[in-house]
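Below is one structure, written out as structure tokens; comments come after it.
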Amino acid sequence: PAAWARAHHVQHWADGGLSDLDNAALLCQRHHTLVHTRRLIAHVRAKPDHLGRHVVWDLTQGSYDRHLERQRAERAANDPPPLTPERLAELVAIASRKISEEHPETAAAEREWAPHQLREHDDLGFEEAWHDEAFTPEILEEHERATRLHLAS
């Protein structure tokens, strides 16, 4: 009975799981302990499967950890590369369109993304200069100088 059950986050909130019904399962104390001990993941379905289950468990020990690994790999595949000094110089060149004639293979999406990625690093002072995409040679030179000083410190 539901009165004997405990709510369980299918994906723990500390691992990015939401506190909503799409990420919840009701478990008795024994099964709640079992799920945590065996590190199990479940899939919460909007409609029941052919057996009438809304929550379907992967009973393979460690399935929760494998789920997290797959999720992290998917996120990492879409993450931008780390902001190294070389990548910063490349972003400035892309954003200023200096690189467009030299490297036509640079995608339009990359050119559009570069100012946004630079703006995230407000500690480098990009937020105002890049706001209106004012890519004057003077501004670029000043930011390149500030970037070199910042990265050297």
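The values are calculated or read from the model by the stated rules, or taken from the named source; none is laboratory data. Note that the coordinates shown come from a computational prediction; the quantities given were computed from them, not determined experimentally. Cβ atoms come from the backbone with ideal geometry, glycine included; neighbour counts cover every protein chain shown. For accessibility, only protein heavy atoms count, side chains too; no ligands or nucleic acids. Shrake-Rupley method; radii C 1.70, N 1.55, O 1.52, S 1.80 Å.
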Answer yes if at least one residue in the stretch 68-90 is open to solvent by 60 Å² or more (accessible area, probe 1.4 Å), in contact with a Pro (Cβ under 6 Å, 6 or more places away or on another chain) and free of Cβ contacts under 8 Å to residues at least 24 places away in the same chain, and no otherwise. no
So, Leu51, is that one aliphatic (A, V, I, L, M), over 30 Å from Val10 (Cα atoms) and at pLDDT 60 or above or not? no
Please work out if Ala46 is of a type in the set (Gly, Ala, Ser), at pLDDT 85 or above and either assigned to a loop (DSSP other than H, G, I, E, B) or surrounded by fewer than 13 Cβ atoms within 10 Å (Cβ to Cβ) (or both). yes
Could you grab me the full set of residues in the stretch 49-66 that are under 24 Å from the mean Cα position of the chain (by Cα) and surrounded by fewer than 15 Cβ atoms within 10 Å (Cβ to Cβ)? Gly62, Asp65, Arg66
Hey, among Leu83, Leu18, Leu91, which residue is part of a loop (DSSP other than H, G, I, E, B) and under 30 Å from Glu142 (Cα atoms)? Leu83
